[in-house]
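Accompanying notes for the structure given below.
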Amino acid sequence: MTTNTYSSEWMSDFADPSTVGRYEIIRRLGQGGTTVVYLAKDRYIKRYVAIKISYPRSDRDRARFFVEAESAGRLNHHNIVFIYDAGVYKDFCHIIMEYVEGSTLKKFTHKANLLPVSKALEIVFSVCNALDYAHREGVIHRDIKPSNIMLDKANIPKITDFGIAQMTEHTVETGIGTPSYMSPEQLRDGVVGNESDIFSLGCVLYELLTGERAFSGSNKFSVMYRIIHKEPVSMLDIRPELPNILDTITKKALAKDPQKRYQTCMELAYDLRLALRGSTKIIKDERVKDVVDYVRHVPFFRDFTNDQIKELVPVSNIVKVPKGEVIVAEGEIDDTFYIILSGKAKVKRQDKEIALIDTGECFGEMAYISGDARIATVVADTECILMKISSTLLERSSQSIQLLFFKKFATTLVSRFSKASQNEA
């Protein structure tokens, strides 16, 4: 009650500025808590921006506000609202960010206004890719919900409001999220990892497909109780026409135990990709875009352009391998190689473990380079999402693509030899 009174007092006394630095204020876009968001125009480069202004009541509030600038500002992804600048205006903190003209996903969570199933899946698939990128950059959003996902005029989703984000190396107290979309561990003040964002996104997916919240209640305490102790109603009970695979996917995303959820957003994206294939007829150009969006931020491909990744589509396939399954076996003759998009794999030689390969790394390249049989066995240490590439077909690709692969292979081999030497020492 005190916070609401305080918020209304400072907002009623706060006169809308005509300018903030070089930005000309046009109008208010919205307000909430202790923040006001304006549409503004950069007078020098004539670009429209959104300016979020907040009045911090303490040094802790000020630090928390700039967590958003620091966390989102380090990210560069087309499905994340871009942060241009941050600073202090009089007694207020402000963030200058990309202006997205459109609505939030909240508009499409009502039964009378639900999106087509394929469009809802495409949106959540794109959000998965953006969150996977953020997680690999060390940023956990912690407040994923429909109102924090914008849709621009072209229906491209953009995640916004990193106000309570957590950076893996950060120690600033970052606040709490919105109860209806919070994970059980978040409500218990437990360790919050990437799986918490996956739970929240599962809540968003459920709501987009059914028009009902996965966890509802008469007050926040009943909502919190349901999240911790109760399973949501099956989506098929609400919309029987939905494909069974969507109910299965959502249930896994909403598992109470973080270890039973999808472990990465890439894993969730893979299953959504399968569901999307089944819900609509995908033409070739859409499949190419799908794969580009799926792998463009994987470390292995950071030196590749979008056009070069598009060139890989005909020579590759994305596959899921369960934990414990042998991916390649010592002694077999095969010239395919793999890039790990999600998960980890163990390398064994004569039943002795010699290495652990992580997300973004490759394996199987030695058989391609040497033309000999496999010299080691690789086993999935966790559930893995792999990009499987036919080296025979790769040789028909452009020389620039092949040179990039050989450069990556050389870097990988040097790194592995260096690690081996250190272990021997």
Review point. Tally time: how many residues in the stretch 125-158 are surrounded by 21 or more Cβ atoms within 10 Å (Cβ to Cβ) and at positive phi?
Key: 1
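Of all residues in the stretch 198-213, count the ones that are small (Gly, Ala, Ser) and closer than 12 Å to Asn113 by Cα. First the steps, then the outcome.
Residues of the stretch 198-213 small (Gly, Ala, Ser): 200, 202, 211.
With closer than 12 Å to Asn113 by Cα added as a condition, the list becomes 211.
Looking only at that region, the number is 1.
One line per residue, one yes/no per condition, for (1) of a type outside the set (D, E, K, R); (2) in the same structural domain as Ala253 (by TED's automatic domain parsing); (3) part of a strand (DSSP E or B); (4) under 23 Å from Leu246 (Cα atoms):
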site: Ala86; (1), (2), (3), (4): yes, no, yes, no
site: Cys93; (1), (2), (3), (4): yes, no, yes, no
site: Lys107; (1), (2), (3), (4): no, yes, no, yes
site: Ser118; (1), (2), (3), (4): yes, yes, no, yes
site: Ile123; (1), (2), (3), (4): yes, yes, no, yes
site: Ser126; (1), (2), (3), (4): yes, yes, no, yes
site: Ala130; (1), (2), (3), (4): yes, yes, no, yes
site: His135; (1), (2), (3), (4): yes, yes, no, no
site: Arg142; (1), (2), (3), (4): no, yes, no, no
Check your understanding: Going through the stretch 83-106 one residue at a time, which ones are within 30 Å of Cys203 (Cα to Cα) and touching a helix residue (DSSP H, G or I) at 6+ places or on another chain (Cβ under 8 Å)?
Key -> Ile83, Ile95, Met97, Thr104, Leu105, Lys106
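Among the residues of the stretch 52-73, are any modelled with pLDDT of 85 or more and outside any loop (DSSP other than H, G, I, E, B)? Break it down into steps so the answer makes sense when it comes.
So in the stretch 52-73, the residues modelled with pLDDT of 85 or more come out as 52-53.
From what's left, outside any loop (DSSP other than H, G, I, E, B): 52-53.
Yes, the stretch 52-73 contains a residue that is modelled with pLDDT of 85 or more and outside any loop (DSSP other than H, G, I, E, B).
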Review point. Taking the stated definitions as given, is Ile354 under 19 Å from Asp307 (Cβ atoms) and touching a strand residue (DSSP E or B) at 6+ places or on another chain (Cβ under 6 Å)?
Key: no
Review point. Is there any pair with a first residue in the stretch 73-88 that is at negative phi and a second that is modelled with pLDDT under 85 whose Cβ atoms are under 6 Å apart and which are 6 or more apart or on different chains, and what are they?
Key: Ile83/Ala69; Ile83/Ala72; Ile83/Gly73; Ala86/Ala69
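The values are calculated or read from the model by the stated rules, or taken from the named source; none is laboratory data. Nothing here was measured: the structure is a model prediction, and the numbers come from that model. Glycine gets a Cβ as well: all are built from the backbone with ideal geometry, and neighbour counts include every protein chain shown.
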